[in-house]
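Engineer: Mind looking over this structure? Questions follow.
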Amino acid sequence: MRSGAKVAIVGGVFAVVASGVGYGGYNLWNGITGGSGSGTNSASGSEGRRTGPVTPEEVTATSKDFLAAWATGESETAARLTNDPVAAGPVLLGFREDAKVSAATITPGPASGATVPFTVKATVTTTGISRSWTYTSRLTVVRGQTTGRPLVDWKPGVLHPKLTTPTARIRTGGAKTGEIRAVDYKGRELTAEKYPSLGPVLDQLRQRYGSTFGGKPGIEVYIDSGSQSVPDTTLLTLAKGEPGRLETTIDADVQAAAEKAVKRYGTASVVAVKPSTGAVRAIANNPATGFNTAFQGKTMPGSTMKIVTAALLLEKGLVQADRVTECPPTAMYNGRTIRNLDGFSLDGATFGKSFAKSCNTAFIKKIDDVEKTEGDDFGLAREAKEVFGIGLDWKTGISSEDGSVPEASGGAAAEQYIGQGTVTMNPLNIASITATAKDGTFRQPYLVARNVDDREFAVAGRRLPSSVARQLRDMMRLTATAPYGTATGVMSSVSGDKGAKTGSAEVDGQGVSDSWFTGFADDLAAAAFVQGGGHGGTAAGPVVAQVLNAR
């Protein structure tokens, strides 16, 4: 396509205009077949097969040819300009036939290397209703492996960034489920526009409960996920349906604080839970769309796991909060050397102080004693499951992961004691662990009340002995208030009865550790994760403090 070309609408149908000159099928076909003309898509004939990175001229010409063919409704032509025409063809054809796009203008922006952003301005028409629809996406041009031709690297996300799986399609028509009007526990409406992190959550709630509460479907442009387990996503509403009202456990004030707090970092998540009931008060992620890391993430939690490890040691009578415990600079276990941050040691310190200072070696030195008391059947995995509910198949109301602490021995067990190795958690799990420590009893976190669909909540095998729960709370209070506590600085702004635990997880191949922080204030517990954030109090800590201050 000539420089300055763009796609436009003429007479309500797809057409292409290039600097005021009509642009027809010959040049498109020439680009596809690699004819002998002067177009930069040519890759055969006298020039032979091209190799090496695509040139800026090839990026410009290929992207414009592809966008022109797509906009004019030539889905087969557009597909043949990609490196996977078999997959691309039906998706591109569906843009007109399934999504009911009657007209479109697609305007490419300046290329960044081989990537070209573009804006789609479309008109969707169905059952006598027409609506404008605008969005942005991007494509990348690569060199074909066999032909050497420059081609669009096909992914469904080229058509729309929210098309993330091969089975997903954009459709227009009556939605498959009724609409819902989700509200917080005080009756305040929750929308994705006001609370962006709740967008994917609201999609799941609609799929699960939209028809249950009398909601009637509207006419929408939506992404049909093609899967029962993945919710559809509304892209544009042409005619509103009648929403049913669904009450959640969210607190709009806490949610607003959580949304604001995670925006400080590129990848961050936080969850807040009410210890006395298990009600989820906030869920926030940055980025706000896509994967719900706060509920579904699976990564090492670092020293926040020491809450569970401390409970195990206290239950076995191997430590007490006010009794002296060894805290050397390093400790060896089964060939693994475990160190404290910057090699610090605590001479004559109590276990409570070692907890508050996050002394790794104080925990590692007790592994042999754990195994001598009652054997491997009463280890960290059992403590995590029987007391803190980890791995019990939680029924929160949306998709969630409930944490994992596999059975381990030797060096792997040593890593688990300090939240490394095979232990995986997310902010929901760590917030729940903190809530259990605060309340003394595991109460399964939930976003929608159980009587809405009569689902069974997970129940832990036993509660924490009262003396253990008291000592855990006291040690977390020291962490948040004592001069030597690793969380004292960040928790200084939080009022009320408060406690905390910092954590950092060292991830292979990642130069800076992940930041973890969890804490409670009165009847609210929160946990946050910041990828590559460093020490727990540095990044994740301020996120939790901001959420707790919103209670």
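Engineer: Please name whichever of 129, 252, 300 sits farthest to the positive end of the charge dipole of the chain, dipole taken about the Cα centre and charges placed at Cβ: Lys and Arg +1, Asp and Glu -1.
Structural biologist: So the residue furthest toward the plus end is 129.
Engineer: If you don't mind, there's one more thing I want to ask. What lysines could a cross-link reach from residue 274, if we take a straight Cα to Cα line under 19 Å and drop same-chain neighbours fewer than 8 places away?
Structural biologist: Answer for residue 274, where 19 Å is the Cα cut-off: 186, 395, 438, 498, 501, listed by chain and number.
Engineer: With a 10 Å Cβ neighbour count serving as the proxy for reagent exposure, in which order, fewest first, do 164, 60, 248, 191 appear?
Structural biologist: 191, 164, 60, 248
Engineer: Within the range 495-517, find all residues whose amide N lies under 14 Å from a label point positioned 7 Å from the Cα of residue 267 along Cα-to-beta-carbon.
Structural biologist: 505-516
Engineer: Something else about it: Based on a Kirkwood Rh over C-alpha pairs, give the Stokes-Einstein translational diffusion coefficient of the range 401-551 at 25 °C and viscosity 0.890 mPa s in µm²/s.
Structural biologist: Details: Rh = 16.3 Å.
Rounded to a whole number, D works out at 150 µm²/s.
Engineer: Of all alpha-carbon pairs in the range 247-320, indicate the percentage at a distance above 18 angstrom.
Structural biologist: 54
Engineer: Right, something else. Under a point-charge model restricted to the Cβ atoms of Lys and Arg (+1) and Asp and Glu (-1), what is the dipole moment magnitude of the range 253-548 relative to its Cα centre, in debye to the nearest 20?
Structural biologist: Numbers: 30 positive and 31 negative charges, 131 e Å.
Charge dipole, the range 253-548, about its Cα centre: 620 debye, nearest 20.
Engineer: Moving to a separate point now. I'd like the distance separating the alpha-carbon centroids of the range 290-313 and the range 138-191, in whole Å.
Structural biologist: If we compute the Cα centre of each part, the gap is 31 Å.
Engineer: What list do you get for 80, 138 if you sort them by fewest beta carbons within 10 Å?
Structural biologist: Details: 80 19, 138 16.
Starting with the residue having the fewest Cβ neighbours, the order is 138, 80.
Engineer: Modelling each spin label as a point 7 Å along the Cα-to-Cβ direction, I'd like the residue 369/residue 276 distance in nm, to one decimal.
Structural biologist: Placing both labels 7 Å beyond Cα along the Cβ direction yields 3.6 nm.
Engineer: What share of Cα pairs, in percent, lie more than 16 angstrom apart in the range 56-105? List each step's numbers first, then the result.
Structural biologist: Numbers: 455 of 1225 pairs.
Above the 16 Å cut-off, the range 56-105 has 37 percent of its Cα pairs.
Engineer: If you bin every alpha carbon distance in the range 195-259 into 10 Å steps from zero, what whole percent lands in each bin?
Structural biologist: Histogramming the range 195-259 at 10 Å steps yields 18, 48, 30, 3 percent.
Engineer: For the range 113-238, what number results from the quotient of the Cα radius of gyration and 2.2 N^0.38 Å? Intermediate values should be presented prior to the final figure.
Structural biologist: Values: Rg = 17.6 Å, N = 126, 2.2 N^0.38 = 13.8 Å.
Normalised by 2.2 N^0.38 Å, the Cα Rg of the range 113-238 equals 1.27.
Engineer: To the nearest 0.05, how large is the calculated FRET efficiency for residue 484 and residue 296 if R₀ is 45 Å and r is the Cβ-Cβ distance? Present the calculation step by step, with values, prior to reporting the outcome.
Structural biologist: Numbers: r = 36 Å, r/R0 = 0.79.
About 0.80, to the nearest 0.05.
Engineer: Which lysines, on any chain, are close to residue 155 with Cα under 19 Å apart, when same-chain ones fewer than 8 places away are left out?
Structural biologist: By straight Cα distance, residue 155 reaches 64.
Engineer: Which percentage, to the nearest 5, of the DSSP beta bridges contained in the range 174-248 is antiparallel? Display every interim value, and only then the final one.
Structural biologist: Details: 8 of 12 bridges.
Roughly 65 percent of the beta bridges in the range 174-248 run antiparallel, per DSSP.
Engineer: At 7 Å along the Cα-to-beta-carbon direction for both residue 322 and residue 512, put a label point, then send me their distance in nm to one decimal.
Structural biologist: In this crude label model, residue 322 to residue 512 measures out at 4.2 nm.
Engineer: Residue 449 to residue 97: extension gain in nm, 0.36 nm per residue of separation minus the Cα-Cα distance?
Structural biologist: Gain in length upon complete extension: 122.7 nm.
Engineer: While we're looking at this one, here's another question. Ranking request for peptides 201-207, 338-344, 512-518: highest mean number of other beta-carbon atoms within 10 Å first, then the rest in descending order. Can you show the working numbers first?
Structural biologist: Numbers: 201-207: 21.7, 338-344: 13.9, 512-518: 26.9.
In descending order of packing, they fall as 512-518, 201-207, 338-344.
Engineer: Quote the FRET efficiency, to the nearest 0.05, computed for residue 240 versus residue 288 with a Förster distance R0 of 30 Å and r equal to the Cβ-Cβ distance.
Structural biologist: Once the sixth-power term is evaluated, E becomes 0.80.
Engineer: A further question follows. Taking every eigenvalue of the Cα gyration tensor of the range 396-435, multiplying by 5 and rooting it, what semi-axes result, largest first, whole Å? Each step should come with its number before you reach the end.
Structural biologist: Details: eigenvalues 107, 23, 9 Å².
Working through the eigenvalues yields semi-axes of 23, 11, 7 Å.
Engineer: Another question, if that's okay. By counting other Cβ atoms within 10 Å of each Cβ, how are 295, 529 ranked from fewest to most?
Structural biologist: Details: 295 27, 529 35.
Ranking 295, 529 by Cβ neighbours within 10 Å, fewest first, gives 295, 529.
Engineer: Given a Förster distance of 56 Å, report the FRET efficiency between residue 119 and residue 51 from their Cβ-Cβ distance, rounded to the nearest 0.05. Intermediate results must be reported in sequence, preceding the final value.
Structural biologist: Working: r = 33 Å, r/R0 = 0.58.
The value I calculate is 0.95.
Engineer: Among bridges DSSP assigns within the chain, what percent are antiparallel (round to 5)?
Structural biologist: Values: 78 of 84 bridges.
Beta bridges within the chain, antiparallel portion: roughly 95 percent.
Engineer: Counting each DSSP H run of 4 or more residues in the chain as -39500 (n - 2.57), what helix-only mean residue ellipticity at 222 nm follows after dividing by all residues, to the nearest 500 deg cm²/dmol? Mind showing how you got there, number by number?
Structural biologist: Details: 18 runs with 161 residues, N = 551.
Dividing the helical sum by the residues of the chain leaves -8000 deg cm²/dmol.
Engineer: Rounded to two decimals, what is Rg over Rh for the chain when you use alpha-carbon atoms and the Kirkwood radius? Walk me through the numbers before you get to the answer.
Structural biologist: Working: Rg = 28.2 Å, Rh = 26.1 Å.
Result: Rg/Rh = 1.08.
Engineer: Tell me, what HN-Hα J-couplings in whole Hz come from the Karplus equation 6.51 cos²θ - 1.76 cosθ + 1.60 at θ = phi - 60° for each residue of the range 391-401, using x for Gly and Pro?
Structural biologist: Each residue's phi maps through the Karplus curve to give x, 9, 6, 5, 10, 7, x, 9, 5, 7, 9 Hz.
The numbers here are math on the coordinates, done by the rules we state, and not lab data. Model, not experiment: these values are computed from the prediction. Neighbour counts are summed over all protein chains in view; Cβ atoms, including those assigned to glycine, are modelled from backbone coordinates with ideal geometry.
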